[in-house]
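A short write-up of the structure that comes next.
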Amino acid sequence: MLLRSLLLLLTLVTLPARAEEVVLGLSQDKVAITATFNGKEILLFGAVKRETTIQETPPLQVVIAVSGPTGPITVRRKERRFGIWVNTDAVEVDTAPSFYAVATSAPFSESLSNVEDQRHKVSIPLAIRSVGAPMDVANPQDFTEAVIRIRQNEGLYQKLDGAVRFDEQTLFRTTIQMPANLTEGNYPTRIFLTRGGNVVSQFETVINVNKVGLERWLYDLSRENPLWYGLMSLAIAIAAGWGASAAFSLLRRG
């Protein structure tokens, strides 16, 4: 009996206090790419589950990162020589997400420390992995920065400081605008609950992006039966050209 009491006491002493936990919800976990798809806005919302009173300082922050399918990408540098633009250097970035959005409830530097950012690879530059470049290439970091700049201009990379609405350090929500030129696949979504820049809880889910309807059929046909896909494309092009020619002929006669 005494031994059981000592074991129970030891268990109560060594068990850590229950930490604050993040609970997430999505307006939808699937995005359908159709022939008329022009982008989609995803609502992410959630709450902080706790059994203790709210600690006022330092305040809690929320960081949300949504990443598209990753893959290698070749980046080329162009220079003007003899009056024309030519490719001079090329660097292959080992892994770059096709889409990446990071939203925070405060400025990024206040929401996540550099150490935690290095650990979880949350910021856009750290989401891109470039192991090495040819020795004869000057300033290889410029190629990674070029990928970020180009994809930011296309709406594929988004840094959304202060875009997460966080009420009473309990309820949070934000929206992520997914552009029309999405890549099909799984989009891992990570939510970090931080305090003083340190991660105290995290949650991960997946948003599935797939082609449906006519887009799905054409995509599958082009890969499973490329010959038929090519013949059909040729037939459509001929029919469209003939139709346009006939329409112009009627207009001239009219």
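Inspect all residues belonging to segment 153-165 and state whether any of them is modelled with pLDDT under 90 and of a type in the set (Lys, Arg). No; the residues of segment 153-165 include none that is modelled with pLDDT under 90 and of a type in the set (Lys, Arg).
For segment 171-183, the tally of residues that are farther than 16 Å from residue 41 by Cα and open to solvent by 40 Å² or more (accessible area, probe 1.4 Å) stands at 1. Within segment 92-123, the set of residues being under 26 Å from residue 73 (Cβ atoms) and assigned to a loop (DSSP other than H, G, I, E, B) comprises 98, 99, 112, 121, 122, 123.
The residues in segment 86-112 that are at pLDDT below 90 and either out of contact with any Pro (no Cβ under 8 Å at 6 or more places or on another chain) or surrounded by fewer than 19 Cβ atoms within 10 Å (Cβ to Cβ) (or both) can be counted, and the count is 8.
Can you tell me how many residues in segment 143-161 are under 22 Å from residue 189 (Cβ atoms), surrounded by fewer than 15 Cβ atoms within 10 Å (Cβ to Cβ) and acidic (Asp, Glu)? Walk me through how you get there before you give the answer.
First, pick out the residues of segment 143-161 that are under 22 Å from residue 189 (Cβ atoms): 147-148, 151-152, 154-161.
Next, only the ones that are surrounded by fewer than 15 Cβ atoms within 10 Å (Cβ to Cβ) stay: 152, 154.
Of the ones still in play, those that are also acidic (Asp, Glu) are 154.
Going through segment 143-161 one residue at a time, the tally reaches 1.
One residue stands out in segment 113-152 among those that are at pLDDT 80 or above and among the polar types (S, T, N, Q): the one that is nearest to residue 200 (Cα to Cα), namely 113.
The values are calculated or read from the model by the stated rules, or taken from the named source; none is laboratory data. Bear in mind that the values here come from a model prediction, so they are computed numbers and not experimental data. Note: ideal-geometry Cβ built from the backbone for every residue, glycine included; neighbour counts use all protein chains shown. SASA here: full protein model, heavy atoms, side chains in, ligands and nucleic acids out. Shrake-Rupley method; radii C 1.70, N 1.55, O 1.52, S 1.80 Å.
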